[in-house]
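The values are calculated or read from the model by the stated rules, or taken from the named source; none is laboratory data. The structure displayed is predicted, hence computed values, not measured ones. Cβ: placed from backbone, ideal geometry, glycine included. Neighbour counts: every protein chain shown. For accessibility, only protein heavy atoms count, side chains too; no ligands or nucleic acids. Shrake-Rupley method; radii C 1.70, N 1.55, O 1.52, S 1.80 Å.
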Amino acid sequence: MRKLDRTDISILNALQDNARITNAELARCVNLSTTPCFNRVKVMEELGLIKQQVTLLAPEMLGLHVNVFIHVSLEKQVEGALARFEEAISQRPEVMECYLMSGDADYLIRVLVPDIHALERFIINHLTRFPGVANIRSSFALKQVRYKTALPLPSNGLVIGE
């Protein structure tokens, strides 16, 4: 186990806000000199706390206007069927997120496509052909009210386990 102090939390928050920040800017932001700041980031990377750095794109500017949440129920909820579905869904580039759920549906997926015709092609040519799919229900997002990627972190520190 390792304890993250307020400085570590500040570093993580700053990196979540701007992964392109230089080490010098980050050090200044969290009131450290550059070497200790760099070392803290390195340790958090080695612990697996920092998984990756990405660039977030504007989907609308790329012609991706239809954001759909799809509830998928399988014929059987056995390990093999779940694994086959998860493998198949992981191969589809339009699937942005996929969650194994409790409740009415087995999976909730979020799909991002240019238009309704692309959604229709995805559902008919792919999703309905995935092994074990029994039921599909779609809900269209009319407006994105909030979207964030930064995780909520406590301000006073945190103990992480291995």
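Here are the numbers:
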| quantity | calculated |
| --- | --- |
| Selection from region 106-121 of residues that are open to solvent by less than 10 Å² (accessible area, probe 1.4 Å) and either in a helix (DSSP H, G or I) or hydrophobic (A, V, I, L, M, F, W, C) (or both) | Ile109, Val111, Val113, Leu119 |
| Strands (runs of 3 or more DSSP E) wholly inside region 1-105 that include at least 1 residues being in contact (Cβ under 8 Å) with a residue 24 or more places away in the chain and surrounded by 14 or more Cβ atoms within 10 Å (Cβ to Cβ) | 2-4, 66-74 |
| Some residue of region 146-155 being touching a residue at least 40 places away in the same chain (Cβ under 8 Å), surrounded by 11 or more Cβ atoms within 10 Å (Cβ to Cβ) and within 19 Å of the chain's Cα centre (by Cα) | yes |
| The one condition in (1) at pLDDT below 95; (2) of a type outside the set (S, T, N, Q); (3) under 20 Å from the mean Cα position of the chain (by Cα) that Glu97 fails to fulfil | (1) |
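Yes/no per residue for (1) in contact with a helix residue (DSSP H, G or I) (Cβ under 7 Å, 6 or more places away or on another chain); (2) modelled with pLDDT under 95:
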site	(1), (2)
Gln16	no, no
Leu32	yes, no
Gly80	no, yes
Glu87	no, no
Ser90	no, no
Ala105	no, no
Val113	yes, no
Ile116	no, no
Leu119	no, no
